[in-house]
Amino acid sequence: MIEALTYSLSRAAGISREEIRDLFNKLKLKISPTPSPELGDYGVALHYILHRKKLPRDEWSVFGRGVVEALMTSDYRDRCYIVKAEFTNGYLNIWIDYSRIFRDYADYVLTGRLFEELKSRGRGRRVVVEHTSANPIHPLHVGSGRNTVIGSTFANLLRKLGYDVREHFYVDDMGRQVAVLVYGVSLLSRNGVEPSPDRKIDHWYGIVYALTNILIEKGKLEKKLVEEAARIHDVISDAAEKLLGLYEVNGLAPIYELHVSFKNASWKKRYIHDLYQIIRKLDRLLAKTLKRLSDEESKDLMEIADWFRRETSGFLEDYREYMEYVEAENRLRILEPSVYGVLSEEIIDPLIAEEAIGELMRKYEEEDPIVSELFRKTASDVLEGFRETLGRIGVVFDEYDWESSREIRGLTRHVLERALSTPYVVLEDNAVILDLDKAAREDDYVRKLFGGEEPGRFVLRRSDGTTLYGTRDVAYSIYKFEKLGAEKVYNVIAHEQAREQKQVKAALHLLGYHEYAEKLVHLDYEMVNLKGFSMSSRRGRIYTLDELIDDYVEVVVRDYLENKIRGVGGLKYRIENIEEFQSTAEKLAVANTRALLLSIDPRKTLAFDPSKLQEHLEGSWILYTYVRLQSILRKHYGYEPLEHLEEIGRDLIDKLSSIKEVFLEKSEKELLESLLGYQETLLTVEESLETNKLLEKAMDICMKANKFYEELPVLSEKDRDKRIIRLILVALTMIILKELLEIMKLPKLKVV
RNA sequence: GGGCCCGUAGCCUAGCCAGGAUAGGGCGCCGGCCUUCUAAGCCGGAGACCCGGGGUUCGAAUCCCCGCGGGCCCGCCA
């Protein structure tokens, strides 16, 4: 196409073909779809050339005619499916022969060549996609859900592109958070409290984790506040003195008033709760007095006020945080009274708890058999809950890789050894640190990796000899390449860990694993924000993936029934088969869940209001379109179209060959156009990692399909050729949509 | 404080990297369409000085500079 335009432009403009080709390469000239069909199908803006030639506006049309003539008389015309060309307002617009494109594409898809071609891209090369990898301490929440959906979708995309994909879940069982949970669990089991059968297992552990954490953190803050309280008393006394001093200087009565208030406040010993109220009261009084005084008069007082605020702000902040824990505690204790009973009894001194947790971590790292058993059992239990949830949304991992496994431990030691022989290693009181700042100054790869960011120091071993998450992550990366045989690794990990991921890459590179570093890709995604609900896993406030799916089931059922009641059935609308109805509702709920979590660019924050799920029904919408397409084919052929795809393909190719002239209506052209973009979408997403584009493609196809469906009859079309063309279009759409559903793991529905 | 990302109708979002003709969608709102392949649909309408200000260009939502507003990261945490 570009050649065709190069040829004709060069003829008409008298510029060499090389130069024109160069303009195309530099994208000074670009072929793009026209804004409206009256202007043709594609167009090129020629203003650049027009200005270069300094053509006055009234000579444009002469030039344009020249270009059009050159194009239409050349033999490129036929090869590029061009049927017509026109010059308007400095644009060269081209009409395409959809008839031939339609024939070629139908054949391409129905014979399966399209899919073979896509498969040839990966050529069976092994790729590892690590995703989800949530800490096994509480149920998966919507944030983990986003990770899962993005990860599994990307993995499926790579499968369609012919890669040998392995989906792995990395179990972070060696971190502090799991140790906190294990500590809570051990206290409970010592007192005879075991997981409740009435609650999904990961949800039960989630409460245990949150309560354990809350009781410890609350205790710490309480201690801190009590200690602070003494200092705050001094601050208030000092303030009282300062105010008195100030009054003696300037003699302003309101200052004396203030002094009395402060003096009063400093007398009695206060509990932290009163103290909070008192500070706020004094603060208000200060503000009030400042307002009464003129700028000149308030200058000195302002200084005292600022000082007072500075001195007390830490206390206020801590107190607020403390209250949040108290609130969280109250919320959770009602849910599992027996758990709360034991934990609140046992966790008295946060320091003792901390000590015990540290001890657990050390023992686990040393592979103490009893402690190891406890960690394994706890994490496995929670993972059991994960598996159930993941199964609901169609995700099954090939493997769960434990951070504590022998392989990772072994490789972690190897990483440390190897690090010692790199030029960027720093030893500080027995700690092993990679100086990435220095590396960035001397090593091109590391510098480019971090760009403007500060690489920082990457600690591989603490002074006490234990390793860190990052160290084990480096080891795990080597594991993926070496043991799993990956040629490329994608880590679906939240954006907040972008720096750590870069450090891992840098470490791999510096350790001599240049290739691994290159082939480790961080597929990063941003957080999920809920409106009117701030999630805090440390305080046990999470909107779980299970809840999201359940909420969707409710929305979907309500939506469907309300529609039936309004329409044919009235209040007496009868559900034919309850079981089937439930299964359909579940499928739709899953489709909506996945679609919601996939709907926007992973790199942008996904925000939605859990109470307004009925506004996010993209999943239902796609499935419904898919159902309609099937039902047309089912009616025509008399059997399940999905079970006879090859047969239908052969039949349609055969029928297509008997058609002389293919004429497409507007809505048919648009649908075809959208389908044509399928291949490009897949390849783009592989590169850009924007998994949301897959959903967008599916939605675009559905939109065009719905319009086509509404506008043109298929089965009842009298003209045989038109009927066949439309049947083919329906089949093509169904097939492409099926592929997209498989990639996004939206459940497939036959009927509703 | 330093770095990265983001800012498009009441709300959410596409387009931005590779500048082009009327800024696409969705939710919500208003009005139409179920005896015709399943109305979870379709059609029509109202609603946007593309955060502000400069610059580059024949042409800027898009590129550059300066602001403003929001998020994230800067641990011997994970």
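Just a few scattered comments:
- Conditions (1) part of a helix (DSSP H, G or I); (2) open to solvent by 50 Å² or more (accessible area, probe 1.4 Å); (3) aliphatic (A, V, I, L, M): number failed by A:ILE600: (1)
- Test: A:ASP546 is away from RNA strand B (no atom under 14 Å from the Cβ), open to solvent by less than 30 Å² (accessible area, probe 1.4 Å), closer than 30 Å to A:SER611 by Cβ and not in a strand (DSSP E or B): yes
- Selection from segment A:399-443 of residues that are of a type in the set (A, V, I, L, M) and open to solvent by 30 Å² or more (accessible area, probe 1.4 Å): A:LEU420, A:VAL425, A:VAL426, A:LEU427
- Screening A:ILE137 on (1) more than 10 Å from RNA strand B (Cβ to nearest atom); (2) open to solvent by less than 60 Å² (accessible area, probe 1.4 Å); (3) of a type in the set (Val, Ile, Thr) shows it passes everything except condition (1).
- Residues that are aliphatic (A, V, I, L, M) and within 16 Å of RNA strand B (Cβ to nearest atom) within segment A:479-515 comprise A:VAL492, A:ILE493, A:ALA494, A:ALA498, A:VAL504, A:ALA506, A:ALA507, A:LEU508, listed in sequence order.
- Cβ-Cβ under 9 Å pairs, at least 6 apart or on other chains, segment A:41-58 side among the basic types (Lys, Arg) and more than 8 Å from RNA strand B (Cβ to nearest atom), far side part of a strand (DSSP E or B) and open to solvent by less than 90 Å² (accessible area, probe 1.4 Å): none
- A:VAL504 being modelled with pLDDT of 95 or more and part of a strand (DSSP E or B): no
- Residue count for segment A:702-726, restricted to those that are in a helix (DSSP H, G or I) and under 16 Å from A:PHE102 (Cβ atoms): 9
- Taking first residues from segment A:659-681 that are within 11 Å of A:TYR98 (Cα to Cα) and open to solvent by less than 20 Å² (accessible area, probe 1.4 Å) and partners that are modelled with pLDDT of 90 or more and charged (D, E, K, R), the Cβ contacts under 8 Å between residues at least 6 apart in sequence or on separate chains come to A:VAL662/A:ARG103; A:VAL662/A:ASP721; A:GLU668/A:ARG726.
- Residue match in segment A:112-127 (condition: among the β-branched types (Val, Ile, Thr), open to solvent by less than 10 Å² (accessible area, probe 1.4 Å), touching a His at 6+ places or on another chain (Cβ under 7 Å) and over 27 Å from A:ALA731 (Cα atoms)): no
- Elements of type helices (runs of 4 or more DSSP H) in segment A:22-125, at least 3 residues being closer than 21 Å to A:GLU665 by Cα: A:98-110
- Restricting attention to segment A:616-643, the residues that are among the small types (Gly, Ala, Ser) and outside any helix (DSSP H, G or I) total 1.
- Test result for A:LEU729, assigned to a helix (DSSP H, G or I) and within 25 Å of A:PRO602 (Cα to Cα): no
- Restricting A:ASP300, A:ASP234, A:ASP283 to residues that are in contact with a Lys or Arg (Cβ under 8 Å, 6 or more places away or on another chain), open to solvent by 40 Å² or more (accessible area, probe 1.4 Å), of a type outside the set (Phe, Trp, Tyr) and in a helix (DSSP H, G or I) narrows the list to A:ASP283.
- Annotation for segment A:633-651: no member residue is within 30 Å of A:GLU496 (Cβ to Cβ) and more than 7 Å from RNA strand B (Cβ to nearest atom).
- Condition met for A:ILE565 (open to solvent by 10 Å² or more (accessible area, probe 1.4 Å) and within 11 Å of RNA strand B (Cβ to nearest atom)): yes
- Checking each residue in segment A:59-74 for being without any contact (Cβ under 8 Å) to a residue 60 or more places away in the chain, surrounded by 14 or more Cβ atoms within 10 Å (Cβ to Cβ) and among the polar types (S, T, N, Q) picks out no residue at all.
- Residue that is farthest from A:GLU359 (Cα to Cα), among those in segment A:448-489 that are in a loop (DSSP other than H, G, I, E, B) and among the hydroxyl-bearing types (Ser, Thr, Tyr): A:SER463
- Cβ-Cβ under 8 Å pairs, at least 6 apart or on other chains, segment A:514-537 side more than 24 Å from A:ALA155 (Cα to Cα) and open to solvent by less than 40 Å² (accessible area, probe 1.4 Å), far side outside any strand (DSSP E or B) and among the hydroxyl-bearing types (Ser, Thr, Tyr): A:LEU530/A:TYR543
To keep it simple, each residue is scored yes or no on (1) among the hydroxyl-bearing types (Ser, Thr, Tyr); (2) buried (at least 24 other Cβ atoms within 10 Å of the Cβ).
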{"site": "A:SER152", "(1), (2)": "yes, yes"}
{"site": "A:HIS168", "(1), (2)": "no, yes"}
{"site": "A:GLY192", "(1), (2)": "no, no"}
{"site": "A:GLY219", "(1), (2)": "no, no"}
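- Number of the condition not met by A:LEU293 [criteria: (1) hydrophobic (A, V, I, L, M, F, W, C); (2) closer than 22 Å to A:ARG231 by Cα; (3) over 49 Å from the mean Cα position of the chain (by Cα)]: (2)
- Test for A:ILE493: is it of a type outside the set (Lys, Arg), closer than 19 Å to A:GLU403 by Cβ and not in a strand (DSSP E or B): no
The values are calculated or read from the model by the stated rules, or taken from the named source; none is laboratory data. As the structure is a prediction and not an experimental result, all values here were calculated from the model. Ideal geometry is used to build each Cβ from the backbone, glycine not excepted, and the neighbour counts take in all protein chains shown. These accessible areas exclude ligands, DNA and RNA; they are computed on the full protein's heavy atoms, side chains included. Shrake-Rupley method; radii C 1.70, N 1.55, O 1.52, S 1.80 Å.
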